[in-house]
1. What's the number of the condition Pro275 fails, among (1) touching a helix residue (DSSP H, G or I) at 6+ places or on another chain (Cβ under 7 Å); (2) at pLDDT below 90; (3) surrounded by fewer than 16 Cβ atoms within 10 Å (Cβ to Cβ)?
2. Take the residues of the stretch 45-89 that are over 30 Å from Phe266 (Cα atoms) and touching an Asp or Glu at 6+ places or on another chain (Cβ under 7 Å): which is most open to solvent (accessible area, probe 1.4 Å)?
3. Condition (residue is touching a residue at least 60 places away in the same chain (Cβ under 8 Å) and part of a strand (DSSP E or B)) applied to the stretch 296-308: is it met by at least one residue?
4. Is it the case, given these coordinates, that Leu515 is outside any loop (DSSP other than H, G, I, E, B), at pLDDT 95 or above and open to solvent by less than 30 Å² (accessible area, probe 1.4 Å)?
5. Kindly list, by first and then second residue, each pair from a residue in the stretch 477-506 that is under 26 Å from Tyr455 (Cβ atoms) to a residue that is hydroxyl-bearing (Ser, Thr, Tyr), limited to pairs with Cβ atoms under 6 Å and residues at least 6 apart or on different chains.
6. With respect to Pro504, is the statement that it is at pLDDT below 75, assigned to a loop (DSSP other than H, G, I, E, B) and either touching a Cys at 6+ places or on another chain (Cβ under 6 Å) or closer than 18 Å to Leu392 by Cα (or both) true?
7. If you scan the stretch 27-44, which residues turn out to be open to solvent by 20 Å² or more (accessible area, probe 1.4 Å) and of a type outside the set (Asp, Glu)?
8. List every residue pair whose Cβ atoms sit under 6 Å apart, with the two residues 6 or more apart in sequence or on different chains, where the first one lies in the stretch 142-161 and is closer than 30 Å to Gln55 by Cβ and assigned to a strand (DSSP E or B) and the second, anywhere, is open to solvent by 40 Å² or more (accessible area, probe 1.4 Å) and not hydrophobic (A, V, I, L, M, F, W, C).
Amino acid sequence: MFSRVKYLSTVATKTKAFTDQINPLFSFTSGQWLCNNDAQLKSRYAPFNVDGLHQVASKAMGSKVKSITKIAECFNRIFLVTFQNGQQAIAQIPLPISGPPHFPTASEVATMDFLRRLGFPVPKVLAWSSRANSTEVESEFIIMEKPDGEPLTKIWAKVDRVDLVHKLAKLHRPLVDLRFNCYGNLYYKNDVEPPYKSMTDFLEQIPAGVDTSPFCMGPISGQCFWEEERALITECRGPYTSALDYMCDVALREQYWIYRHAKPSFTDDFLCGIPTQGKEEDHIEILERYKSILQYLVPKERLYHHGHLWHPHLSTSNFLFNVPWVPEALTLPPHFETLDADTRKEGMRFHEEVVLHNLFETTALRDIVPPPGLTELRELEGSAHFTWKMGLLPFREKLINVWKQWAEIVPGHTCPIDFTPAERREHDAAYASLGENRDRAIALDEEFSVGVFGYVAGDQTHFNNVRMELEKRRREWEAGAENPEHKRVLELLWPYRDTLSDNPRTHLEVYPEVLRSLHSAAEENESIAKEPQTSETAVH
């Protein structure tokens, strides 16, 4: 099953000690996590030589550095660098959570250069290095021009959103017209060395007047292709000339990692460890089923196989804008005014998002004809990366949905997989319970303004207050346990727990029938999770 997977004996990793954690230039200071906080902070700890960064920036801008200010942090730490001559630039330091060493930085710089050659309005890179050990900064870095304008997040309520979508669609049209004949990441040719593969013939047609000779298509740099021991696998990350090979390799990579390692991660979903989420062999088997249907789901016509360069993070924080807003009416259902105020507000927000999303797709992607089952195929491919992190149930739900619609998606072919009535009944009950527990966690997240993996933005005092109030809820929740075994399941269902400490996962030992007894207990405890806070305990 895993004969195609090649393994490295060693891998380059960042070896800096996890020290100086309170230095705001090196550490994440925007908030903390209720789940696996130490691991989350460590994954965002990125020390560098400050004097070295000053030297590189000064050389690039022709003026000494006056100040350096951290302005953002997520997968990269972003600094505003101000120089003595009044000029400003942006310095970017990648964080460990952003991906493997070298490849994301090298690909980002090459892609920005490539886009500028095509005429896209992206900042010019002034200095950079993807080799931490070869620069005085002692870290990978990118120094680029500071673009003009305000982040869209600050003026979102004021902009003409319809006009904005039209402009974004127009901006992205050249990317749609630019057709790649393979899948991977763009790099400069000398940044992809053996054992990693590259392709220099990556465009179906080179745009007139554009020099693409410095570039190549190389391995995919996304974190899910390199996380933990996956970095030791030299295959299964491209570049690919076949969509079928790419999707099969995603499943193969996960099968191999689960077979060899299958350990918890600080980015695991909190529900991954409940009973019925699958043992190692269950994950390997369901991914094998997925691979067996891909040859039918991936369209044969070359029309559907072109690769396109695309922005993976189209969000309001990634655009600068300065156009005033002229409101435009949106059509709403007749009964809309009969709803309560909160429901109308949420409905208006959702309706506007759907309208704008559809407007963007019909404008930017008007010439692209989707193959049958495209939505289902995308959902399966996206979930195949994360069956161990998310648990078996979400992926199996998507696979069953494809099985149910097989005659419409792949007419004239018998589906090579099947789910017995007993399998479907057991899955439906488990998936319904998963949804109930997910809804309970979402309600708590919204009540306490908690983000993904229990992220709490703000200072230490606010974090302590939120943690204290949620600890009260946790004790009330677990007090509903009928016996010690039931309590173990309730502990696994609590959203704000350290998944790293559950090793090996408890669900490998807890029997599935314990979960079925949870339904009545969950209903009894539902009011606890959603009970309004009093003024004395409210957290803001």
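The values are calculated or read from the model by the stated rules, or taken from the named source; none is laboratory data. Values in this document were obtained by computation on a predicted structure and should not be read as measured data. Ideal geometry is used to build each Cβ from the backbone, glycine not excepted, and the neighbour counts take in all protein chains shown. Protein only, heavy atoms only, side chains kept; ligands, DNA and RNA dropped before computing areas. Shrake-Rupley method; radii C 1.70, N 1.55, O 1.52, S 1.80 Å.
1. Against the list (1) touching a helix residue (DSSP H, G or I) at 6+ places or on another chain (Cβ under 7 Å); (2) at pLDDT below 90; (3) surrounded by fewer than 16 Cβ atoms within 10 Å (Cβ to Cβ), Pro275 comes up short only on (3).
2. Per the criteria, the residue is Gln55.
3. Yes: the stretch 296-308 contains one or more residues that are touching a residue at least 60 places away in the same chain (Cβ under 8 Å) and part of a strand (DSSP E or B).
4. Details: outside any loop (DSSP other than H, G, I, E, B): yes; at pLDDT 95 or above: no; open to solvent by less than 30 Å² (accessible area, probe 1.4 Å): yes.
It is false that Leu515 is outside any loop (DSSP other than H, G, I, E, B), at pLDDT 95 or above and open to solvent by less than 30 Å² (accessible area, probe 1.4 Å).
5. Listed by first residue and then by second, the contacts come to Leu492/Thr506.
6. Values: at pLDDT below 75: yes; assigned to a loop (DSSP other than H, G, I, E, B): yes; either touching a Cys at 6+ places or on another chain (Cβ under 6 Å) or closer than 18 Å to Leu392 by Cα (or both): yes.
Spelling it out, Pro504 is indeed at pLDDT below 75, assigned to a loop (DSSP other than H, G, I, E, B) and either touching a Cys at 6+ places or on another chain (Cβ under 6 Å) or closer than 18 Å to Leu392 by Cα (or both).
7. Our first condition is that a residue be open to solvent by 20 Å² or more (accessible area, probe 1.4 Å); within the stretch 27-44, this holds for 28-30, 32, 34, 37-39, 41-42, 44.
Of everything in the stretch 27-44, those that are open to solvent by 20 Å² or more (accessible area, probe 1.4 Å) and of a type outside the set (Asp, Glu) turn out to be Phe28, Thr29, Ser30, Gln32, Leu34, Asn37, Ala39, Leu41, Lys42, Arg44.
8. Glu145/Lys124; Pro151/Ser317
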